[in-house]
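Notes follow once the structure below has been shown.
The values are calculated or read from the model by the stated rules, or taken from the named source; none is laboratory data. Model, not experiment: these values are computed from the prediction. FYI the Cβ positions are ideal-geometry reconstructions off the backbone, even for glycines, and counts take in every protein chain you see. Just so you know, the surface numbers come from the protein's heavy atoms only, side chains and all, with ligands and any DNA or RNA stripped out. Shrake-Rupley method; radii C 1.70, N 1.55, O 1.52, S 1.80 Å.
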Amino acid sequence: SKAHENLIALVTLAANSKTFALDYRLIPEHPFPAQLEDALAAYRWLLETGIKPERLVVCGDSAGGNLTLALLLALRDSKSPLPALGICIAPWTDVGNSGDSLKGNEPYDWVEKRMTLQWAEWFCKNESPEHPIVSPIYADLRGLPPIYIQAGDAEILYDMIRDFAEKAQSKGANVKLDVWKNMNHDFQAFSGIIPESDEALQHIGQVISETVSVR
């Protein structure tokens, strides 16, 4: 989406690497699994060009964070080569939209509960919201590469993101969640305006550098 060009550029600069941004099919015209099909096709194309999977990092925010997790799960289940790292910025981990923060944090966020309910209706036209690839909060994340997550505790998705990370960690998955106080959805996009955004992007760059260099 054109609306995400700024955030993509900021993450690219933080990562100090080349970035491939996928123009995948969107709802409401294209419900699940269209987006996952596009992501799988793009990932496999990158491998076909000669890029080594251990040099790849898959990253997405919000619904793109959901897609990042779905892609990792689909790659694992198909026994395909896995990337070095997954990064999720404020991921939509439960398309069924659980958690008190959906309503409680509405006064502080620019995303509203009614919006997530409409998106879920469009997205889940062909599948249950409790399917583990639709809502990764229900998935077993063992066997995946490391997953690094960022969230703000003032965003409406905060509860589902926290619950997702805690559940994954309790089952032995390699998942790390960093939370910024009083920050709302996709606060990383405001680099140069608020220090928390700069700090979060710096953390993303550090995690990528450390993980990819080790592998």
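Points to keep in mind about this one:
- The one condition in (1) in a helix (DSSP H, G or I); (2) open to solvent by less than 60 Å² (accessible area, probe 1.4 Å) that SER80 fails to fulfil: (1)
- Leading residue by the ranking (surrounded by the most Cβ atoms within 10 Å (Cβ to Cβ)) among those in the range 83-114 that are part of a loop (DSSP other than H, G, I, E, B) and aromatic (Phe, Trp, Tyr): TRP92
- Residues that are of a type outside the set (A, V, I, L, M, F, W, C) and assigned to a helix (DSSP H, G or I) within the range 150-175 comprise TYR158, ASP159, ARG162, ASP163, GLU166, LYS167, GLN169, SER170, listed in sequence order.
- Residue tally, condition closer than 20 Å to PHE123 by Cβ and assigned to a helix (DSSP H, G or I), over the range 53-76: 12
- In the range 115-143, the residues that are within 25 Å of LYS176 (Cβ to Cβ) and touching a residue at least 12 places away in the same chain (Cβ under 8 Å) reach residues that are surrounded by 17 or more Cβ atoms within 10 Å (Cβ to Cβ) and charged (D, E, K, R) with C-beta atoms within less than 6 angstrom, at least six apart or across chains, in these pairs: SER135/ASP94; ILE137/ASP94; GLY143/ARG76.
- Selection of the range 115-155 for residues being over 30 Å from SER209 (Cβ atoms), open to solvent by less than 10 Å² (accessible area, probe 1.4 Å) and of a type in the set (Ser, Thr, Tyr) yields THR116, SER135.
- In the condition set (1) part of a helix (DSSP H, G or I); (2) in contact with a Leu (Cβ under 6 Å, 6 or more places away or on another chain), TRP122 is compliant with all but (2).
- Of all the listed residues (LEU73, LEU69), the sole one being closer than 14 Å to TYR43 by Cβ, in contact with a strand residue (DSSP E or B) (Cβ under 7 Å, 6 or more places away or on another chain), open to solvent by less than 10 Å² (accessible area, probe 1.4 Å) and touching a residue at least 12 places away in the same chain (Cβ under 8 Å) is LEU69.
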